[in-house]
Amino acid sequence: MSAPMSAAPSILNESGSSGFDDAATVHNLGNDHHAQATAPVPKRTNSDFSVGKFNRDHPLYDDLAPEDSYSNGVYWADLPFSARQKWVNAQSNAETKREIKHVWGMFKRDPLSPLTAYCHRYVIGGFGLFTEGYTLFSIGNLTALYSAVWPACWSTYKECDANWIAAVTYLQIIGIIVGQVLVGFEGDWIGRKFGLVQDALIMTLGLVMLTASWGTSLNGWVICYGWSQFFYGIGVGGEYPMTSTTALESKTVIGQNAQTDDKLHRGRNVVLAFLMQGWGQLFNQALLIILLLIFHHGSGNPPYSAVAAQWTFRVSFAVMAVMTLWLAYYRYYKKAYSSRALQRSKKHSHVNQSGYDIQSLKLVATHFSGRLIGSTLGWFCNDFLFYGNKLFASTFIKVIDPSSSGNVMSTWLWNLVNVGVEMAGYYLAALLIDHKFYGRKRMQIWGFLADGILFLIPAIWYTQLESKAHIAGFQTIYFLSSFFQQFGPNCTTFLLAAEIFPISVRATAHGLSAASGKLGALMPAIIYNYVGTRTRFWIVCWFGFAGWILTWIFIPDTTGLDLREQDRYWSFVREGRAHEYHGIAIHRRHLSLWEVFVLKRHLAYDAEKDREDRVKELRDIWAQQKMTVKEGGKAEEEDDDDESLISSRAHSFFANEKSSRSEPVL
């Protein structure tokens with residue numbers, strides 16, 4: 001069902017009309033409906049789909065074996081290893097050269113057009129996570145300033161209740177969990193647009209509350225500040241399932257080439273939106289440094305005045321409130337949404353009047369229980385590592401730079417360097433996440449394993465690494481752990497939690513997985529209050545190893561798999577006919593070890609039977625569309641957010657087939 005790989009541009013804006021393509025290319029990528037009238041009518045052939053007889057002469061060859069996934073009619077994962085390696089590398093190299101040539105062509109026409117296309121597609125698409133990264137991590141950054149300015153409240157707890165100081169972190173995480181579950185459910189029930197607009201409005205109001213937070217005493221201010229964090233956290237939580245599913249489902253190109261782009265660049269599209277979280281952290285840290293210099297008379301050295309602290313944190317929240325309000329406007333009035341696939345799934349599954357596919361949610365908990373275990377517990381381990389790293393970042397910095405104690409500016413500068421290292425991890429993850437010999441699963445496995453080892457080293461040799469003679473070693477561990485966190489589970493858990501589940505409950509499953517992750521973030525926030533630094537290392541390293549094992553056993557590798565094929569498989573599951581499905585969604589390559597060795601789902605895979613089934617399905621789609629058009633309706637594939645279900649060549653084949661059958665016998 002896909003067009004040849006070489007024809008597909010990889011990056012466009014949501015409307016599919018600009019981005020990394022000129023008008024001529026877009027014209028050539030137009031839908032096949034106009035081509036139907038001029039397409040040659042193929043001759044009917046014997047529908048024999050055995051390996052020896054199924055070849056390019058078959059009129060449905062390109063529909064059943066598109067060259068972006070097949071080599072001479074053989075699925076790429078079925079090729080012998082040497083042939084597979086050659087095919088994968090050839091495809092990757094050809095696509096890279098095509099993209100470079102395309103971007104260079106854009107640059108020659110307009111030097112700013114590649115940047116404009118990138119911003120339109122990824123910066124705006126991931127802007128919700130930009131605001132989340134900015135505000136969420138500013139809390140940790142500002143805590144160092146609060147402790148320096150109001151030590152009686154934030155350090156010794158003489159003026160403030162220690163429980164309320166701790167509750168600032170807890171309330172933030174609880175709010176995020178509420179948002180992840182609630183908005184994930186809403187996204188599948190009401191729609192992606194509703195969830196995204198709602199998130200932006202909640203975050204805007206939350207930022208206004210943070211900017212204006214006040215109290216008749218320091219403790220009263222802390223209580224107001226904490227509940228403002230909770231409210232803001234609800235909006236942040238909703239960004240996780242909404243941004244992931246929207247980036248996953250939105251089309252970067254138009255027409256049938258959208259499926260090629262989906263298979264080759266789906267992971268990159270999601271990660272480039274997700275890494276806006278890192279840009280948010282970077283912008284926040286840089287702005288806080290600038291604001292403190294402005295309001296502290298050009299000096300970053302202590303002591304810091306209460307006036308400087310007040311202006312610094314309030315202005316930093318106010319700046320983002322304005323930007324988030326703009327985001328709400330853009331999402332409601334300007335953003336294009338690809339909602340057809342979700343609507344079609346609900347229609348074909350005969351979802352009840354509530355509009356929520358409860359049956360699919362129940363089936364996910366049973367049929368895909370292993371995947372749910374992998375995504376929830378994997379994210380739990382990731383956030384324990386990620387937020388554990390943030391929590392004892394001060395320990396790293398204290399060892400690396402002893403003079404930073406009490407110096408907020410020094411701590412912030414080191415954080416800025418660390419965020420820069422994280423950004424390198426984010427972008428390298430985007431570069432390799434769609435490569436079929438590395439991909440999501442291997443990236444997550446190696447990221448977990450690397451972090452486990454990196455945290456085990458200081459647990460064993462903490463005393464030695466703490467000494468001045470080994471500061472460079474401690475510094476290396478700190479930065480490498482941050483790098484592999486991004487070039488590993490932090491990016492992949494965000495993608496996989498949406499990708500491995502069916503579209504009708506994708507946002508719900510992602511929200512549940514993300515909420516499990518935030519429980520992992522909550523645990524170190526509590527546990528680390530009762531243990532020493534070395535013990536923290538002994539605790540956190542095992543979550544790296546646990547994540548490695550969970551990923552290895554329960555997470556499937558969906559790199560290169562067509563999402564429409566996965567939803568096709570799910571339609572069989574939902575109808576109680578999972579055993580009748582023989583397609584690539586249950587190919588051993590795309591299943592977890594649990595699904596292969598325990599559930600043995602790969603045994604039903606049969607390429608020849610699947611081709612026969614797909615021809616029947618295409619014929620049914622064609623007949624339904626003809627009937628709809630005959631009754632004066634609109635064919636499903638002709639909707640505004642077109643995702644062509646059947647090619648012009650298939651249209652011609654079935655029309656000719658029907659014509660031949662209806663010819664009178666002489």
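Just a few scattered comments:
- Built amide H within the under 5 Å cut-off of S71, gap 5+: W76
- Proxy reagent accessibility, fewest Cβ within 10 Å first, across I433, I234: I234, I433
- Theoretical gain in end-to-end length, S369 to M323 [0.36 nm per residue, Cα-Cα removed]: 12.6 nm
- The listed peptides 243-250, 175-182, 462-469, ordered by packing as a protection proxy, come out as 243-250, 175-182, 462-469 (highest mean of other Cβ atoms within 10 Å first).
- Ordering of 477-490, 109-122 by packing [mean C-beta count within 10 Å, highest first]: 477-490, 109-122
- Counted by neighbouring Cβ atoms within 10 Å, the residues L496, L210 run from fewest to most as L210, L496.
- Set K263/K436; K97/K441; K441/K518; K263/K616 screened for pairs whose C-alpha atoms are more than 18 Å apart: K97/K441; K441/K518; K263/K616
- 18 Å reach of a label modelled at T96, 7 Å along Cα-to-Cβ, counting backbone N of the range 262-283: 264-269
- Label separation (K86 vs T476): 4.1 nm, computed from points 7 Å beyond Cα along the C-beta direction.
- Taking the Cα centre of the range 365-605 as reference, the dipole from Cβ charges on Lys and Arg (+1) and Asp and Glu (-1) amounts to some 300 debye.
- Burial order of peptide ranges 508-517, 608-617, 136-145 (average beta-carbon count within 10 Å, highest first): 508-517, 136-145, 608-617
- Estimated vicinal HN-Hα couplings, Hz - the range 603-620 in sequence order (Karplus 6.51, -1.76, 1.60; Gly, Pro = x): 5, 7, 5, 8, 4, 5, 5, 5, 4, 4, 5, 5, 5, 4, 5, 5, 5, 5
- One chain, two ends: A286 and I553. Fully extended at 0.36 nm per residue, the span grows by 92.0 nm beyond their Cα-Cα distance.
- Unit charges at the beta carbon, dipole of the range 126-250: most positive-side option, I176, M209, L145: L145
- Exposure proxy order (Cβ contacts within 10 Å, fewest to most) of V322, V596: V322, V596
- Simple label model, 7 Å out from Cα along Cβ direction - L603 to R588, nm: 1.4 nm
- If R0 is taken as 30 Å, the Cβ-Cβ distance between W214 and D401 corresponds to a FRET efficiency of 0.30.
Throughout, read-outs are computed from the coordinates displayed, never taken from laboratory work. Remember, predicted model here, so these are calculated numbers, not experimental data. For neighbour counting, all protein chains shown are included, and Cβ atoms are generated from backbone atoms with ideal geometry for every residue, glycine included.
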